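Here's the structure we're looking at; comments come further down.
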Amino acid sequence: MLKTAYNWHRPLMLFTLSMVVLTPIAALGMLLDDRMLLDSPIWFKPFKFAVSFTLYSASLAWFTSLLQGRLHKIAWWFGTVFAAAGVAEMAIIVTQVTRGKRSHFNFETPLDTALFGAMGMLAMVLFGTSLVIAVVLFRKKFDNPAKAWAIRLSLLVSLVGMSVGFLMTQPREGQSPAGGVLGSHSIGGPDGGSYMPLTGWSTVHGDLRIGHFVGMHALQVLPLLIMLAGRWANARLAWVISGGYLGLTLLVTWQALRGQSIVKPDALTLIVFAAIVVATALGVVWARQPQQSKKEYALA
């Protein structure tokens, strides 16, 4: 099993393995290094990024392994670029941790500015390579339409989640390069303060990291849900759950942009959430109805 996974896409799986190794190292850093940054352990960020990259890059490697011929070659090269950019991104994050500096939104010194600028360029590379692989997967013909659409749509939703990161780089009121910080995770207040355990999401302000995280990990959630659906899985179900998941991603992003904490939703947020749940449930009922034609198989 492990040997098979390693052969999905070796550069991506080597990157995945490096993130698996970094995860306990960062966890140990949180235990042994008492330095704090923005009210949380300084090794918390590399820990979260390592876990996220482990899941994302392994999924991307598996998707690439499903391709053949010219499509596989294209996806292989872009997957390799993704792995290289991921290594560089994590190298900067760990470097800044060892320096006791924040890696994101940091304009305190010319070096900090250059490193954050490089991270911005690397983020564009990660986005662009994922987009190309998504396009390639739309060109592949699958035997299983449910699996086909779950994979394709999970990548598109993940790109929406990834793009939320670009909203974080926008200057907030009162910020300037002279102040050393431009951009933030939080809306309605500065980064830091009270946060949720494990995730680190703010409990007092809106937090764009929630939509970023939820959207990106559609890559694992949507194919898993289709697999768990078993004999009930079909293309219509893949579209329904993908639409519901996209709705959730957009909802938590909209909630954050309104400066509202994830743990303190207002009535409007709850109403929209209920609407998404009801629409998705009705869609699931519709998806389970007998198929009138085999058109979905032709589309896969």
Within the bounds of the range 181-191, is there any residue that is in a strand (DSSP E or B) and in contact with a helix residue (DSSP H, G or I) (Cβ under 6 Å, 6 or more places away or on another chain)?
yes
Close pairs from the range 66-88: first in contact (Cβ under 8 Å) with a residue 40 or more places away in the chain and under 26 Å from PHE49 (Cα atoms), partner aromatic (Phe, Trp, Tyr) and crowded, with 20+ Cβ neighbours inside 10 Å, Cβ under 7 Å, at least 6 apart
ALA83/PHE15; GLY86/PHE15; GLY86/PHE53; VAL87/PHE15
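Residues checked against (1) under 30 Å from LEU237 (Cα atoms); (2) in a helix (DSSP H, G or I); (3) charged (D, E, K, R):
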| site | (1), (2), (3) |
| --- | --- |
| THR64 | yes, yes, no |
| LEU71 | yes, yes, no |
| VAL81 | no, yes, no |
| GLY86 | no, yes, no |
| ILE92 | no, yes, no |
| MET121 | no, yes, no |
| ASP143 | yes, no, yes |
| ILE151 | yes, yes, no |
| ARG172 | no, no, yes |
Search the range 264-280 for residues that are over 18 Å from GLY188 (Cα atoms) and pair each with any residue that is β-branched (Val, Ile, Thr) when their beta-carbon atoms are under 8 Å apart and the residues are at least 6 apart or on different chains.
THR280/VAL240; THR280/ILE241
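For every residue, the table says whether it meets (1) in the same structural domain as TRP43 (by TED's automatic domain parsing); (2) among the aliphatic types (A, V, I, L, M); (3) closer than 22 Å to LEU38 by Cα; (4) within 19 Å of the chain's Cα centre (by Cα).
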| position | (1), (2), (3), (4) |
| --- | --- |
| VAL94 | yes, yes, yes, no |
| VAL97 | yes, yes, yes, no |
| SER103 | yes, no, yes, yes |
| GLU108 | yes, no, yes, no |
| MET121 | yes, yes, no, yes |
| VAL125 | yes, yes, no, yes |
Just for the range 82-126: of the residues that are charged (D, E, K, R) and surrounded by 18 or more Cβ atoms within 10 Å (Cβ to Cβ), which one is farthest from VAL164 (Cα to Cα)?
ASP112
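Out of everything in the range 271-300 that is modelled with pLDDT under 65 and assigned to a loop (DSSP other than H, G, I, E, B), what residue ends up being surrounded by the most Cβ atoms within 10 Å (Cβ to Cβ)?
By that ranking, first place goes to LYS294.
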In the range 6-31, which residues are touching a residue at least 40 places away in the same chain (Cβ under 8 Å) and within 23 Å of THR129 (Cβ to Cβ)?
ASN7, TRP8, HIS9, PRO11, LEU12, MET13, LEU14, PHE15, THR16, SER18, MET19, LEU22
Does the range 51-65 contain at least one residue that is free of Cβ contacts under 8 Å to residues at least 24 places away in the same chain, surrounded by 15 or more Cβ atoms within 10 Å (Cβ to Cβ) and assigned by TED's automatic domain parsing to the domain that holds PRO11?
no
Of all residues being surrounded by 16 or more Cβ atoms within 10 Å (Cβ to Cβ) and among the charged types (D, E, K, R) in the range 127-178, which is modelled with the lowest pLDDT? Just the residue, please.
ARG172
Hey, among the residues in the range 1-37 that are buried (at least 18 other Cβ atoms within 10 Å of the Cβ) and over 22 Å from the mean Cα position of the chain (by Cα), which one's farthest from GLY193 (Cα to Cα)?
GLY29
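The values are calculated or read from the model by the stated rules, or taken from the named source; none is laboratory data. What you are looking at is a predicted structure, and each value in this text was computed from that prediction instead of being measured. Every residue, glycine among them, receives a Cβ derived from its backbone with ideal geometry; neighbour counts consider all protein chains shown.
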